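Taken together, the values in this text are just the output of simple stated rules run on the coordinates, not laboratory data. The model shown is predicted, which means the values in this text are computed figures rather than measured ones. Cβ coordinates were reconstructed from backbone atoms using ideal geometry, including for glycine residues, and neighbour counts include every protein chain displayed.
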């Protein structure tokens, strides 16, 4: 089914469908539900929140700026802590969610997979895809050259890291199309680094979707789409936000400041003019509207800027920084360790969900 939707008028500097949905909800009267969007949240596992979002109509897609399809978001605030135990738990949950995703798409165990690691391996926050491919269990050559050596429980999997246009001079979608045409996989999995519009989701979130991928869209560098329409077979996208815009950092810092003050005022029950810095409680994220002080207190702290609605404030900061060339794309300084860790998480989960013979007990033997 083709979706002829012009998303240019709904450009949002985020690759996450969950964030796009949150933005669209803010535009709804009283933040009500969006017709044609079904959302389900599962936080039964401590420290891991899974949100399943289905965009069921083209009109709903226009409203949130995402193509009709299914999106799964796995949020793990502790994922950025480089904790091995947390990474193992996330890998197991990701494996279960991805295996379920394949089943819901009707992709059975005998279907052949091509895994594509998108991104520039020379730029650390963009090297997620190639690093995942390095840790994948690839088997297509065994099925071709020595099928008698392949035991039951393994799927035919091939993998590719095509680089980026600036390295190869070739559109990534053209490279993938050529490989698909020759190797004839039944479905494609694309892995890429994403951009977020919220600080608390950078390096803490994994998104799975069945709508394909538009490389570079989150940072305003749109390339040709890699999806079922262009390749002729299902395309599943996996991404992790590793970068954020400077304007988002400024906006979120203002929100954190107001949230800090708001919580302190609620606890101490004192007017804004007598707020003591020493009384500030431990910060949490993300702050909700209930955590912020009232409009009069916001004006007291930050003047007119403090009283602006969220999107107007974000747009103002963007308009100030962009002409100066200061709306930079920023990544945390710990990105080296994080990319290595999360790449191992994704590779472990993919190996388990693609190969029945790989499980939580032996998965470490296939990654490094």
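Anyone know which of 178, 341, 169 comes out most mobile in the 10 Å Cα GNM of the chain? Taking springs between Cα atoms under 10 Å, the residue moving most is 169.
Arranged from fewest to most other beta-carbon atoms within 10 Å of their beta carbon, 346, 165, 324, 142 become 324, 142, 165, 346. When 209, 183, 264 are sorted by how many other C-beta atoms sit within 10 angstrom of their C-beta, beginning with the fewest, the order is 183, 264, 209.
Principal-axis analysis of the Cα atoms of the chain puts helix 335-354 at an angle of about 50° to the longest axis. Going from the residue with the fewest nearby Cβ atoms within 10 Å to the one with the most, 342, 86 rank 86, 342. Springs between alpha-carbon atoms under 10 Å, Gaussian network over the chain: tell me which of 330, 180, 123 tops the mean-square fluctuations. Between 330, 180, 123, it is 123 that shows the largest mean-square fluctuation.
Helical content of the chain, expressed as a calculated mean residue ellipticity at 222 nm, amounts to -11500 deg cm²/dmol (DSSP H runs of 4 or more residues, -39,500 (n - 2.57) each, divided by residue number, nearest 500). If the segment from residue 233 to residue 44 were pulled out straight at 0.36 nm per residue, it would be longer than the present Cα-Cα gap by 64.6 nm. Highest GNM mean-square fluctuation among 181, 59, 340, for the chain modelled with Cα contacts below 10 Å: 181. The angle separating the long axis of helix 84-104 from the principal Cα axis of greatest extent in the chain is about 70 degrees.
Over the chain, what is the percentage of antiparallel beta bridges among all DSSP beta bridges, to the nearest 5? For the chain, the DSSP antiparallel bridge percentage is about 55.
The distance linking region 129-169 with region 37-81 is 29 Å (Cα centroid to Cα centroid, whole angstrom). Hey, how many Å between the Cα centroid of region 85-116 and the Cα centroid of region 336-368? Centre-to-centre (Cα) distance: 11 Å. Kirkwood hydrodynamic radius computed over the chain comes to 22.0 Å, based on all pairs of distinct alpha carbons.
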